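Only the coordinates and a few stated rules stand behind these numbers; no lab work does. All of these numbers come straight from a predicted model, not from anything done at the bench. Here the Cβ positions follow ideal geometry from the backbone for every residue, glycine too, while neighbour counts run over all protein chains shown.
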Amino acid sequence: MSLSIQARVWRFLLRRIFKERHLLLAESRKRDIRNARFIKQFPHGAEVKRIDIEGIPADWVVPANVDHEKAILYLHGGGYVIGSIDSYQMLGAMLAQTTGIKVLIPEYRLAPEHPFPAAIEDAQKVYRWLLAEGYKPENIIISGDSAGGGLSVTAVLALRDANAPLPAAVVSLSPWTDLTFTGQSHITQAQAEVLLRADELREWSTFYIGTESPSNPLISPIYADFHGFPPLLIQVGSDEVLLDDARMLAEKARADGAAVELHVWEGMWHVWHTLADMMPESRAAFEEIGRFIKANTC
């Protein structure tokens, strides 16, 4: 299937912005702040409410005609070292509008200041807060993209191991699930990739891992046991260096008996969802997410 004109234009622009040169972490964080200011200029079509969850800042993104009984806990991407709730308001709004469900985006702690397991601890804390607020686990979806896509999986694994009630389903977008870098797509898709640089990913992984082993299942969930895991939707672009991360996650989860839907979107790059309503391919991806959530919640 050929790409839309919008996709072709955005592919060119994003490559110019993200792939030109290696950035130090401080530079990457400055760029992320600039991008957040740019994104916040666009109308979102949903109300954003900033709240505090036991010391964790978070945004409620609330669409019109919202289903007040359901919630999506969304964990943003950024390699565990960058990313913010400000830079994810547009994606959150598109997700909320498409599903009719309010989206909660927490500002979980980032490495290297807060390495593993800080992000997982924060994700679990926010999920337990939702339960305490009266949301039933069968009405909660946990989702995320990139590092947040991996975190959405590992947080649920940690909750399962703690015998906590699990969410209805997990939606993982372009997930980073193998911090041991065994996937061949890190090599085969390096030229096609629009956003990610292998050198930056490897640097960020060391910041997040700290003194732990990269094969720890709560760091690289391709090594995890998925027995008892909720239904899982994985979306990934064919042109991503993380393509094999998604494939290996799906393969391992299926082998352990989990219900998994893996959709490889032809010609798409890493987390193309961030363009929200600016590109038909993004809209189509959100529509698929909406159908999956509807099929897996009450």
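For a straight C-alpha distance cut-off of 12 angstrom, the aspartates and glutamates reachable from Lys102 (same-chain residues fewer than eight places away being disregarded) are Glu47, Asp59, Asp67, Glu69.
The Cα atoms of the stretch 107-257 give a gyration tensor whose axes a ≥ b ≥ c have a/c of 1.5 or more with a/b greater than b/c, which makes the shape prolate. Cα-based radius of gyration for the stretch 5-296, normalised by 2.2 N^0.38 Å, reads 0.91.
Calculated on C-alpha atoms, the gyration radius of the stretch 1-143 divided by its Kirkwood radius gives an Rg/Rh of 1.00.
So, with +1 on the Cβ of K and R and -1 on the Cβ of D and E, and no other charges, what is the size of the charge dipole of the chain about its Cα centre, to the nearest 20 debye?
About 680 debye.
The separation of the stretch 95-171 from the stretch 251-298, counted between C-alpha centres, amounts to 17 Å. Taking the number of Cβ atoms within 10 Å of each Cβ as an exposure proxy, the fewest-first ranking of His273, His44 is His44, His273.
Taking the charge dipole of the stretch 43-125 about its Cα centre, with +1 at Lys and Arg Cβ atoms and -1 at Asp and Glu Cβ atoms, the residue from Gly92, Val81, Ala119 reaching farthest to the positive side is Gly92.
Cross-link pairs exceeding 31 Å between alpha carbons, from the set Lys125/Lys294; Lys19/Lys40; Lys19/Lys125; Lys30/Lys125: Lys19/Lys125. Take each peptide in 61-70, 278-287, count the other Cβ atoms within 10 Å of every residue, and average; sorted highest first, the result is 278-287, 61-70.
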